[in-house]
Amino acid sequence: MKDYLYFPGCSLKGAGSPYEKSLLAVFRALGISLTEIPDWNCCGATAYLSVDADMGTVLAARNLALAERADGRDIVAPCSGCFLALSKAKAMIAEYPDLRAKVDDALGRGGLPYEGRVAVRHPLEVLLKDVGPDRLRKSVVRPLKDFRVAPYYGCAILRPYETVDSAHVPTVLEELTRIAGATPVDYPHKARCCGGMLTTGVQSVGLRLAEILLDAAKSAEADAIVTTCPLCQYNLEVYQDRLCRSTRKDLRIPVMYFTQMLGLAMGMDERTLAIDQLFRVPVLACPAGGRA
Amino acid sequence: MALAVEKSEASTASWEPRIVAFFCNWCTYAAADLAGISRVKYSPNMRMVRVMCSGRIDPSFVLEAFRSGADGVLIGGCNPGDCHYKEGNYKTMRRAMLLSQMLQDLGIEKERFRLEWICASCARELQTTVNKMADDLRRLGPLDWKGV
Amino acid sequence: MRLVKTVKYEADLDATFAERVAAQPGGERIWDCIQCGTCSAICPVSLYMDLTPRRIVGMVRAGFRDEVLNAVSPWICTSCYACTVECPEKIRITDIMYVIKRMAMKESGHHRFVVPAIEEAFVAMVRKNGRLTESRMGIKVAAKSGLRSALGMVPIAWKLWRKGRLRLLRVERMQNPESLRGVLAAVEDRRPAPPRTGSRGSPAGVKA
Amino acid sequence: MTAAGEAPRIGVYVCDCGFNILGAIDVPEVVRYAGGLEGVVLAKEYKYMCSDPGQDLIKKDIREQRLNRVVVASCTPTLHERTFRRVVSEAGLNPFLFNMVNVREGVAWVTEDKARATEKAKALIRAGVRRVALQEPLEARSEPVNPNVLVIGGGIAGMHAALSLANANSGAKVHLVEREPSIGGNMARFDKTFPTLDCASCILTPKMTEVKIHPNIHLHSYAEVVSVEGYVGNFDVTIEHKPRYVNEDLCIGCLKCVEACVYRDARFPNAFDLGLAKRKPIYIPFPQAVPTKVLIDPMDCLYLKLGKCKKTCVDACEKGAIDFAQAAVRAQVKVGTIIVATGFKPFDARRKPQYGYGTLPNVFTALEMERFLSPTGPTEGVPSLKDGSLPRKVGIIHCVGSRDRNTNEYCSKVCCMYSLKLAHLIRERTGAEVYDFYIDMRTPGKGYEEFHEKLLAEGLKVIRGRVAEVTTSALTREEKGHLIIRVEDTLAGFVRRIPVDMVVLSVGLEPQSDTQQLRRMLNLSCGREGFLQELHPKLAPVSTATDGIYIAGACQGPKDIPETVAQAGSAAAEALALVHRGTVEVQPYTAVVDEAVCSGCQVCVGMCPYDAITYDADKGVVHVLEVKCKGCGVCAAACPSSAIDQKHFRNAFVLAEVAGVI
């Protein structure tokens, strides 16, 4: 089985820890090894680009260079923010020679050559392209029967690069959901911004976007929202109570990671998958699962 | 006389590569016309010689061009399958392959001799091809070849 | 009623502004804009913007430097890239928003607004530790964002802590952040004026 | 006649072309330089060499200065070589003792730096002078032109061209080939035409019938051109007739067979109605179809599919026209000229998923709307929603697949006007409120802007903004159950969400999907966006790089009916001009053999794509059959002993030019 380098990013060490736990568990079970990039640094996210583009790019590029030095295997970047920051740095450096010069110069100081060899991958890609639907299906021991899932893609894995899936009609999450034996529900905005960027700064706007999404998922009678991004997960999950109060709508719905969904279908228990760390634990029709 | 004067003028000026380009009348020459009509600027180092078909280009033309001081030779013809004379460009292709090999044996870098399929509406492609070749030749420097 | 004068004299415009934006990576294509408004219409937050993305591009081209650099719009941009994907002229509007944010930070007094403060706090922390500690970030942000919203965060923080997703004592740090600082310093050496950073924190600690 | 022998007395004329050349090249300097070149007796500059005074200048010098060679440095030879050859021959000089140097398209228009442009112009003229000094007199050959004309495509363009040609009674027979079962093209699908709102079929149907009955037109419907060989004046064309499984000569179009078909009701999508209406396996595409002959779709017909059926149609046909054994047949025709009028393909709206075509109900393309609005269409002229009710609000979205670098960069030109037309008709038929969403309202053309204003006066709601998406996700009560159009009202500077019942996508025009095969078959070229390329955008808009082949209508680029018809007319005129002249001049650039040198190795024989070279066994040399030789020169390049050379492109000439440019 193919092995990968692993870029966890800061979120997965914080509020996004359930993502990391479930991801590692699922990949281990599938026999895929993830080697953490030695002494990786923050990807720079969007904040750095707003303050200093060159540094933001260099910051991300350092991780790519570290990966090259490590052995140049594909990088798995589960956090959408990191995934985009790394992909973008790679693309921009390739496109703009003078940016490339700055990067070479800066990394050169630290004796880190950058060639742009490594590919930046999202776990979804790895699961569906590298592992492949067939192997995944085989690994499913407990199909999540009658479990209605609202797949939520967020932005960064679809736009602007469309490497993981089509920006207009994405289908990978639906495919994974079916593989897990669950039922994907169709609802609008599955790739619309969740507002997570704003719940810190301009909360009213951020919450409004979250509300629209939760509402859409609820009216599609989903049992849970499945996300690919720690920020989206956080944003859609933690404000639910507040939104219920302010909008007088029932917007309570579990928000889980696709890795947790797959893990459940693979028969793992909720602790291993850190499902007990979610604010709301999805209720599964199939008994074997039990509940936290 | 006049000619000699011109030459010396040219040589005293900062060196610029000289590209002789043989273009077929139907595709690449038409592309050059289109470049003109649409004001697509490209390096003036390239000087066109029009022939009816790229298949007309006798290897001796290319050798003669190099011998008389060209730093690069560019042949432009129709895309495979588009030849105005059925298959002239296939013959060009075969000849060019042999010729390119031979030129390298004679110590002429392969960047100095190029065969490109440039269609009648490919003004942009013409521009990039010519500019790229001019740049390559600037890097390679003058070719001083006295012939075989 | 108060009358507002809407004339703009050429002298009030910044003739070089458009070039400066266009010179930044991603800014090149502003000249291709046909003012169709697709960016504004697809933008999930344009309805909260003082200047829609289309107007931003139009005004950048026309040299409305002050208006653009003092606009709230770039700070509301969630950088979801919908505009960039939809633009019929392939203009990278999101990148242009970044360009404007950077210029605003340097050239306008935009720090009344909380978002840039958060961004800078973020940057400062990364420069220090090489990584972000959400709990610490959260505290900085809460401190800045005023009592009400800070209090609003308490129950959430409490719940996160109970669920083991908020570790107050732990600080995320590289083994040797110096290696990173060296690299970043190198970037600064290449240019005359170092960019301004320094923390003016505010709300919840989530990295985007 | 100047003998090639005597010492060259060359006249060089450098054209300013107004400021086109003068602005980019130091012309006086170039003239000064040219004057000093070997063999040059005079060098002159003139504003416009192609103008009458310019031409007279050359003639005068030839006579008075006894010039025996002429070089004109101006635009590309493809534009004016003919002109100046005529000029020199009028002054008694052999036209092939003239040489044209391309300093406009070749230098002035493509060079940034004036000094370097001047240097390049000098080099090209130097080469031109050296070449012309060697050139020898030649006689142009002429070949007869077959009077028959092939017209490919039976839309409005093809029909109009065919009729213009046929009405000339030039003795020319017109072969009109249409791949669909009926002629009429897209125009036959329309109800009304802008800006006059006259009924399309009222003006089209008579033309269709006329085409059918015209003695000079041979209509090949449900047929395709599969191969074209030969050259201007005499093309050999192969046409394949697809089987209708109905004998065209016997069928009288009574449609009894259709009634009799074992399928009681129509259940197969009718292509003419874009699948919106149904037909039986045996059918005519639409009531006014020409020819009015039924055909059977082998994919749907029980007998052709499974081999068993009561064949009630056969019994119903008194003429015994139905013939299940029918197979594709190929016909050979000889023509002298060809007019290509293959039209366009509407943009596939599925390529813009954000507009919901194919996924959301009541989102239609403009062409579908044309059918809804047609009295003979699926809804008999009154567009209705999927549930049968009438729409109360309709949104028309412009520029779908146009002005968009993600699909087609170009403007499709006709959409603004047809959108306005559709808006008018929809309001007229349904009373619905209609919104037009546009980027720029483009209505140039006679009576077009007036039409635009008429629509505004009628109360059409126009919103300047490109729609971002059509969604069903409602945020307010009145949005529920509607299609919501998200757009920025760029004139108001506000984002708006407008609920409607029906959306019409004004899809752009694209090249036919098989344009590339056609291009190859006819040796044409295509522009960057894939439409067929005209010889010159202004001066030769319907000619192509291949002599004797002309283009008309939307196959050359998006255009409306008036423009299409105008082009068809001029294409017909171009073809008729050739037919009328009866002969075409063929460049005498043929190959010649120096029998003294020829070793008889016959390498050339295999090389010639036209079998123009034969081996003379007793002499041990090869001969070139001039009539067969097309003048590519491949043989000359191949000859190991350079015994073969090409007239006007002799090795010596090319080498002189090469030495000159360096």
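For the stretch C:164-175, the candidate set comprises residues that are farther than 15 Å from A:Leu59 by Cα and at the interface with another protein chain (Cβ under 9 Å from one of its Cβ atoms); within that set, the residue that is surrounded by the fewest Cβ atoms within 10 Å (Cβ to Cβ) is C:Gln175.
In the stretch D:443-472, the qualifying residues are those that are within 12 Å of chain C (Cβ to nearest Cβ) and part of a loop (DSSP other than H, G, I, E, B), and the one that is surrounded by the most Cβ atoms within 10 Å (Cβ to Cβ) is D:Val467.
When you scan the stretch A:129-150, do you find a residue that is more than 24 Å from A:Ala67 (Cβ to Cβ), of a type outside the set (S, T, N, Q), touching a Phe, Trp or Tyr at 6+ places or on another chain (Cβ under 8 Å) and crowded, with 21+ Cβ neighbours inside 10 Å, even just one? Looking for residues that are more than 24 Å from A:Ala67 (Cβ to Cβ), of a type outside the set (S, T, N, Q), touching a Phe, Trp or Tyr at 6+ places or on another chain (Cβ under 8 Å) and crowded, with 21+ Cβ neighbours inside 10 Å, one finds at least one in the stretch A:129-150, hence yes.
Residue-by-condition table, conditions (1) among the hydroxyl-bearing types (Ser, Thr, Tyr); (2) under 16 Å from B:Trp26 (Cβ atoms):
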residue: B:Ser54; (1), (2): yes, yes
residue: B:Gly77; (1), (2): no, yes
residue: B:Pro80; (1), (2): no, yes
residue: B:Glu87; (1), (2): no, yes
residue: B:Arg95; (1), (2): no, no
residue: B:Leu99; (1), (2): no, no
residue: B:Ala120; (1), (2): no, yes
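Quick one: in the stretch D:538-594, which of the residues that are of a type in the set (D, E, K, R) and closer than 24 Å to D:Phe96 by Cα is farthest from the other protein chains (Cβ to nearest Cβ)? So the residue we want is D:Arg581.
Wholly within the stretch D:297-384, which helices (runs of 4 or more DSSP H) include no fewer than the required count, namely at least 2 residues that are outside the structural domain of D:Thr471 (by TED's automatic domain parsing) and out of contact with any Cys (no Cβ under 6 Å at 6 or more places or on another chain)? Spell out the reasoning first.
On the way: elements: D:302-306, D:312-316, D:366-373.
Those helices (runs of 4 or more DSSP H) span D:302-306, D:312-316.
For D:Asp236, the criteria (1) assigned by TED's automatic domain parsing to the domain that holds D:Asp191; (2) on the phi > 0 side of the Ramachandran plot; (3) not aliphatic (A, V, I, L, M) hold in every case but one, which is (2). If you go through the stretch D:50-109 and pick out every residue that is more than 14 Å from every other protein chain (Cβ to nearest Cβ), among the β-branched types (Val, Ile, Thr) and more than 22 Å from D:Lys647 (Cβ to Cβ), you end up with 2.
Here C:Val99 meets each of (1) buried (at least 23 other Cβ atoms within 10 Å of the Cβ); (2) at positive phi with one exception, condition (2). Just one of the listed residues (D:Ala34, D:Ala43) is crowded, with 22+ Cβ neighbours inside 10 Å, in contact with a Phe, Trp or Tyr (Cβ under 8 Å, 6 or more places away or on another chain) and either closer than 21 Å to D:Arg116 by Cα or within 14 Å of chain B (Cβ to nearest Cβ) (or both), and it is D:Ala43. If you go through the stretch C:145-163 and pick out every residue that is surrounded by 13 or more Cβ atoms within 10 Å (Cβ to Cβ) and either at positive phi or at pLDDT 90 or above (or both), you end up with 7.
Quick one: count up the residues across the stretch D:641-653 that are under 10 Å from B:Asp58 (Cα atoms) and either of a type in the set (A, V, I, L, M, F, W, C) or more than 7 Å from chain B (Cβ to nearest Cβ) (or both). The number of residues fulfilling the criteria is 1. Just one of the listed residues (B:Arg67, B:Arg50) is over 12 Å from the mean Cα position of the chain (by Cα), more than 7 Å from chain D (Cβ to nearest Cβ) and at pLDDT 90 or above, namely B:Arg67.
From the list D:Val503, D:Val507, D:Val495, exactly one residue is within 14 Å of chain C (Cβ to nearest Cβ), touching a strand residue (DSSP E or B) at 6+ places or on another chain (Cβ under 6 Å) and at pLDDT 95 or above. Which is it? Talk me through it step by step, then tell me what you get.
Values: D:Val503 fails: within 14 Å of chain C (Cβ to nearest Cβ); D:Val507 fails: within 14 Å of chain C (Cβ to nearest Cβ).
From the options D:Val503, D:Val507, D:Val495, the qualifying one is D:Val495.
If you go through the stretch D:640-650 and pick out every residue that is touching a helix residue (DSSP H, G or I) at 6+ places or on another chain (Cβ under 7 Å) and modelled with pLDDT of 95 or more, you end up with 5.
From the list D:Lys647, D:Lys619, D:Lys628, pick out the single residue that is in contact with a Leu (Cβ under 7 Å, 6 or more places away or on another chain), surrounded by fewer than 24 Cβ atoms within 10 Å (Cβ to Cβ) and of a type in the set (Lys, Arg). Break it down stepwise before answering.
Values: D:Lys619 fails: in contact with a Leu (Cβ under 7 Å, 6 or more places away or on another chain); D:Lys628 fails: in contact with a Leu (Cβ under 7 Å, 6 or more places away or on another chain).
Being in contact with a Leu (Cβ under 7 Å, 6 or more places away or on another chain), surrounded by fewer than 24 Cβ atoms within 10 Å (Cβ to Cβ) and of a type in the set (Lys, Arg) holds for just one of D:Lys647, D:Lys619, D:Lys628, which is D:Lys647.
Identify the residue in the stretch D:445-471 that is among the β-branched types (Val, Ile, Thr) and in contact with a helix residue (DSSP H, G or I) (Cβ under 9 Å, 6 or more places away or on another chain) and, among all such residues, is farthest from D:Arg351 (Cα to Cα). Full working, then the answer.
Step one: filter the stretch D:445-471 for residues among the β-branched types (Val, Ile, Thr), giving D:462-463, D:467, D:470-471.
Adding the requirement that they be in contact with a helix residue (DSSP H, G or I) (Cβ under 9 Å, 6 or more places away or on another chain) leaves D:462, D:467, D:470-471.
Details: D:Val462: 25, D:Val467: 15, D:Val470: 14, D:Thr471: 16 Å.
So, considering only residues that are among the β-branched types (Val, Ile, Thr) and in contact with a helix residue (DSSP H, G or I) (Cβ under 9 Å, 6 or more places away or on another chain), the one farthest from D:Arg351 (Cα to Cα) is D:Val462.
In summary, D:Ala591 fulfils each of the numbered conditions (1) over 30 Å from D:Gly508 (Cα atoms); (2) surrounded by 16 or more Cβ atoms within 10 Å (Cβ to Cβ); (3) at pLDDT below 95; (4) of a type in the set (Gly, Ala, Ser) with the single exception of condition (3). As an exercise: evaluate A:Gly196 against (1) surrounded by 16 or more Cβ atoms within 10 Å (Cβ to Cβ); (2) out of contact with any Gly (no Cβ under 9 Å at 6 or more places or on another chain); (3) modelled with pLDDT under 95 and give the number of the one condition it does not meet. Condition not satisfied by A:Gly196: (2). Hey, could you check the stretch A:67-86 for residues that are part of a helix (DSSP H, G or I), at pLDDT 95 or above and in contact with a strand residue (DSSP E or B) (Cβ under 7 Å, 6 or more places away or on another chain) and say which is farthest from A:Thr163 (Cα to Cα)? Of everything passing the filter in the stretch A:67-86, A:Ala67 is farthest from A:Thr163 (Cα to Cα). Evaluation of C:Glu178 against the conditions (1) more than 7 Å from every other protein chain (Cβ to nearest Cβ); (2) in a helix (DSSP H, G or I); (3) at pLDDT 85 or above; (4) touching a helix residue (DSSP H, G or I) at 6+ places or on another chain (Cβ under 8 Å) shows that the sole unmet condition is (4).
Is it the case that some residue within the stretch A:123-140 is free of Cβ contacts under 8 Å to residues at least 12 places away in the same chain, closer than 30 Å to A:Pro38 by Cα and either touching a His at 6+ places or on another chain (Cβ under 8 Å) or more than 14 Å from chain D (Cβ to nearest Cβ) (or both)?
We begin by selecting, within the stretch A:123-140, every residue free of Cβ contacts under 8 Å to residues at least 12 places away in the same chain; these are A:129, A:132, A:134, A:138.
Narrowing further to those that are closer than 30 Å to A:Pro38 by Cα: A:129, A:132.
Subset that is either touching a His at 6+ places or on another chain (Cβ under 8 Å) or more than 14 Å from chain D (Cβ to nearest Cβ) (or both): A:129, A:132.
Checked the stretch A:123-140: at least one residue is free of Cβ contacts under 8 Å to residues at least 12 places away in the same chain, closer than 30 Å to A:Pro38 by Cα and either touching a His at 6+ places or on another chain (Cβ under 8 Å) or more than 14 Å from chain D (Cβ to nearest Cβ) (or both).
Remark: C:Ile118 falls outside the filter, which requires a residue to be assigned by TED's automatic domain parsing to the domain that holds C:Ala22, within 14 Å of the chain's Cα centre (by Cα), of a type in the set (A, V, I, L, M) and part of a helix (DSSP H, G or I).
Considered as a group, the residues in the stretch D:171-194 that are among the small types (Gly, Ala, Ser) and under 22 Å from D:Val333 (Cβ atoms) include one that is surrounded by the most Cβ atoms within 10 Å (Cβ to Cβ), and that residue is D:Gly185.
Checking A:Ala156, A:Ala216, A:Ala180 one by one, the residue that is within 14 Å of chain D (Cβ to nearest Cβ) and buried (at least 17 other Cβ atoms within 10 Å of the Cβ) is A:Ala216 and no other.
On inspection, B:Lys41 qualifies as touching a residue at least 40 places away in the same chain (Cβ under 8 Å), surrounded by fewer than 22 Cβ atoms within 10 Å (Cβ to Cβ), among the basic types (Lys, Arg) and within 9 Å of chain D (Cβ to nearest Cβ).
The values are calculated or read from the model by the stated rules, or taken from the named source; none is laboratory data. Because the structure is a prediction, the values reported are computed rather than measured. Here Cβ is always computed from backbone atoms with ideal geometry, including for glycine, and neighbour counts include all displayed protein chains.
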